[in-house]
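Presented below is the structure to which this report refers.
The values are calculated or read from the model by the stated rules, or taken from the named source; none is laboratory data. Given the structure is predicted, the values throughout are model-derived calculations rather than measurements. Cβ placement follows ideal geometry from the backbone for every residue including glycine, while neighbour counts extend to all protein chains displayed. Quick note on the areas: whole protein, heavy atoms, side chains included, nothing else; ligands and nucleic acids left out. Shrake-Rupley method; radii C 1.70, N 1.55, O 1.52, S 1.80 Å.
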Amino acid sequence: MEPKAKQLRLMYPDILGLERGKYLLGDWTGRTAFCIGVYPLTLDREILPIPGLQFDIGLPDIEVHLDVDSMRPGWEPDTVVGVGDAESGGAPCPVDPRFALRRAIEPWVARGLMPQIAYEFEFYLMEPDGEDGWRPVPMPSHRVYGTGPAIDPDGVADEMVRTATDCEFDVESWGSEYDISQFEVNIKYRDALAAADDAFLVRLLIKEIATRRGNLATFIGRPIADRGGSGLHVNMSFRTEDGSNAFEDPSAADGLSLLARQCLAGILAHHEGMAAILAPHTNAYKRLQPDMLNGYWANWGYDDRTVGVRVPPGRGATTRLEQRTADGAANPYLAAAAILHAARLRVENELEPPPPQQPGAEVNTDVKVPPTLEKALELFQADKELCEALGSELVTAFTMLKQAEWDRYVKATPDPETIEPVDWELQYYMPFF
């Protein structure tokens, strides 16, 4: 970028999905070192004894190298932002979420297909409650699918989106969601890694603009007991070498190709195993309840928001599958990686999905999201195909980090299986997600 900015804000994602980074000033080269001990670190800064990532190897450096394709104007003065790849000993760091997504992309590219991903974020905008906590911003004239001052009286959401577009993020749309002070921001589809970078950075931008305005934006699944949850819908398709959408088949009655159907089969087959990746916090399971318009059930349907995987009505370039389980606190790299692996595993086995859910009919499956993070971790580790695809080092690190969260939650919560948000979750997660 010319002229060269005063500083580069070089970031990389940790396993939890948090940004880690440094400001590089002067004649920055786009690479710098970090301690590997970031990866086994919990949100409350305990270094877990995860093999190969902590004191057992002396806490050495990793080196993060800027991916120049990720660079864009920043939302701070005289700053550009960029995302980097982590290396350990001169090789890709096996627990780097960007590396995990690259590994998920490679088998598709070998088939002549480029994965396309688009993220739809939902979040709540909060204000101080005067008691060292947060409450939803009051909006008496709120309405679902609202625009203007009725749903954004202080212009905070508008500032978020204008800043994002100034930073060259391709925001397709934004507006109010169903509940008061809840918003949705949709980012246009791109090649999978670039799309995950966009999601990673836009989520950070939204949280930082909220902080700048004295608010808090939270993406966790269900922060407010008497309101609905917030989701992260992950849309996927594939671009062929001639530029067409591989999910479209005009000769099929429903316009879907065999590839699209086999991908559906894979995503549904790994519905339980993927849950820990897509819903990686204790609070996520307060949102993932039946009849809450989320990805609870392992089923699919045509333009049906009650199912786990929705097939939107658009065809041609917009033909896609919409996985609806995740929430915005998920790691966008790992979420995309898990979905791409799950889809591929059934394409390779040439399996077809079950029949679609019929609107208004009784649910056509017994398979659903696990009831708690603890159970989700059990089913994740039991999904040997998915774990093998993601890599043993990443699976071990992720599982140990999330088990530590569950243990903290159980210690702080009288009824760990409650479906209501609890204070520990809000205090532990909301500052970060």
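Side notes on the structure shown:
- Rg ratio for the stretch 147-286: its Cα radius of gyration over 2.2 N^0.38 Å, N being its residue count, equals 1.24.
- Taken over the stretch 12-106, the ratio of Cα radius of gyration to 2.2 N^0.38 Å equals 1.12.
- Kirkwood hydrodynamic radius of the chain, Cα pairs, Å: 22.1 Å
- Protection-proxy order for peptides 101-110, 276-285, each taking the mean of Cβ atoms within 10 Å per residue, highest first: 276-285, 101-110
- Rg/Rh for the stretch 115-199, where both radii come from Cα atoms and Rh is the Kirkwood radius: 1.03
- The residues of the chain have, on average, 41 Å² of accessible surface per residue, using a 1.4 Å probe with all protein chains present.
- Kirkwood Rh and Cα Rg combined as Rg/Rh, the stretch 342-433: 1.06
- Only helices reaching 27 angstrom along their own axis (Cα) with mean Kyte-Doolittle hydropathy no lower than 0.0 count here, and for the DSSP H runs of the chain these are 192-212.
- Considering only Cα atoms, the convex hull volume of the stretch 43-200 works out to 183 Å³ per residue.
- Per-atom-type breakdown for the stretch 126-168 gives carbon and sulfur 48% of the accessible area (1.4 Å probe, protein chains only).
- Projected area, mean over directions - the stretch 74-135, Cα convex hull, nm²: 8.7 nm²
- Karplus-derived 3J(HN,Hα), 6.51/-1.76/1.60, for each residue of the stretch 235-252, Hz, glycine and proline x: 9, 9, 7, 9, 9, 7, 5, 8, x, 7, 8, 6, 7, 9, 9, x, 7, 7
- Rh by Kirkwood over Cα pairs, then Stokes-Einstein D for the stretch 327-384 at 1.002 mPa s and 20 °C, µm²/s: 152 µm²/s
- Paramagnetic reach from D158 in the stretch 62-91 [backbone N under 16 Å; point 7 Å along Cα→Cβ]: none
- When the solvent-accessible area of the stretch 1-125 is split by element, carbon and sulfur atoms take up 53 percent of it, the probe being 1.4 Å.
- For the stretch 169-247, the set of trypsin sites (Lys or Arg not before Pro) satisfying both a DSSP loop assignment and a count of at most 10 other C-beta atoms within 10 Å is empty.
- Isotropic mean projected area of the C-alpha convex hull, the stretch 233-317 (nm²): 6.2 nm²
- Per residue, the convex hull spanned by the alpha carbons of the stretch 176-254 comes to 132 Å³.
- Projected onto planes of every orientation and averaged, the convex hull of the alpha-carbon atoms in the stretch 300-358 covers 4.9 nm².
- Hypothetical label at T318: residues of the stretch 228-272 whose amide nitrogen lies under 17 Å (7 Å Cα-Cβ projection): 234-238, 245-250, 255-256
- When each of K368/K402; K188/K286; K286/K375; K384/K411; K286/K368 is checked by Cα-Cα distance, pairs over 25 Å: K188/K286; K384/K411
- Most mobile listed residue (D197, D226, D327) in the chain, GNM with C-alpha springs under 10 Å: D226
- From most to least packed by mean Cβ count within 10 Å, the peptides 266-272, 170-176 give 266-272, 170-176.
- Solvent-accessible area assigned to carbon and sulfur over the stretch 239-367 amounts to 49 percent, based on a 1.4 Å probe.
- Coil-residue trypsin sites (Lys or Arg not before Pro) of the stretch 1-99, DSSP, other Cβ within 10 Å capped at 11: K4, R45
- Helical mean residue ellipticity (222 nm; -39500 (n - 2.57) per DSSP H run of 4+; nearest 500) of the chain: -9500 deg cm²/dmol
- Cα-based Rg of the stretch 217-358 normalised by 2.2 N^0.38 Å, two decimals: 1.04
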